Amino acid sequence: MTEKKERVISLFTEAGAKLIEGIKLLDPSLEDDENFIRTDERFAKGFFELIEGTGATGEELDVTFKEGRYDEMITVGPICVVTVCPHHLLPVIMSIHVGYIPKEKVVGLSKLVRVARRLAHRAVLQEKLTRDIVDEITNKLRARGAICFIKAWHACMFSRGVKEMTPVTTSAVTGIFLTEPTAKDEFFKLLEQTKNSSILS
Ligand SMILES: [Zn+2]
């Protein structure tokens, strides 16, 4: 574990201990409840996994292969990620679809999944995440265009506040997807076909 990660885990453990302190203040009968033993550490490790992409630099798209004149759309999804929102630090369950049209450089599909996962595992606004994903793919692959569609269920919406289990959708496009409406239509048609391939679709 790096020194920085160790420090972060220790901060999250302190935060977990404070949460438990609050819970026990509400119900003193829980004071000796064994279920809370080491919950602070489990909280820290679990929470860290939700935001582990924070500050990470990505080299996923640095290794590409040249694929002659391949200029068809490549799509991947749904990529399912659980992360947190920056406003409440409550869980967000995401279904991410990514597509791009290459110019020269093509990457393995698993690399696109890794990029989406790394960028999603930050306490980042969904709108910004959607934009960050297309920007990274466009810039690193010098693609003709990239597109991203995210459907997400925010615990800050379904577990509190309006208490509505309704998804929030965002999309972002670059390059050819901006100028050629047919490219965008094709992406959403492909997306429709994968509808039943995930519980989050
Ligand atoms: Zn929120």
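Using a Gaussian network model of the chain in which every pair of alpha carbons under 10 angstrom is joined by a spring, one finds that among VAL115, VAL134, VAL168 the greatest mean-square fluctuation is at VAL168.
Only helices enter this figure: runs of n ≥ 4 DSSP H residues, each worth -39500 (n - 2.57), summed and divided by the residues of the chain, yield -13000 deg cm²/dmol at 222 nm to the nearest 500. When Rg and the Kirkwood radius Rh are both evaluated on Cα atoms of segment 3-50, their ratio Rg/Rh stands at 1.05. Filter LYS45/LYS111; LYS5/LYS45; LYS103/LYS140; LYS4/LYS140; LYS105/LYS140 down to the pairs with a C-alpha to C-alpha distance above 18 Å, please. Over 18 Å Cα-Cα: LYS45/LYS111; LYS4/LYS140. Applying 1/(1 + (r/R0)^6) with R0 = 35 Å to the Cβ-Cβ distance of SER159 and GLU3 gives a FRET efficiency near 0.50.
Kirkwood hydrodynamic radius of the chain, from the reciprocal of the average inverse Cα-Cα distance over all distinct pairs: 18.8 Å. Taking Cβ atoms as reference points and 10 Å as the exclusive limit, the residues near THR54 contribute a net charge of +1, counting Lys and Arg as +1 and Asp and Glu as -1. Counting neighbouring beta carbons within 10 Å and listing from fewest to most, the residues CYS85, CYS80 come out as CYS80, CYS85. Choose one answer from ILE101, ILE133, ILE74: the residue with the largest mean-square fluctuation in a GNM of the chain with alpha-carbon springs under 10 Å. With Cα springs under 10 Å in the chain, the top fluctuation among ILE101, ILE133, ILE74 is at ILE74. Seen from VAL76, the other residues with C-beta closer than 12 Å to its C-beta sum to a net charge of +3, counting Lys and Arg as +1 and Asp and Glu as -1.
Read-outs: derived from the displayed coordinates by stated rules, not from any lab. Nothing here was measured: the structure is a model prediction, and the numbers come from that model. Here the Cβ is made from the backbone with ideal geometry for all residues, glycine too, and neighbour counts use every protein chain on show.
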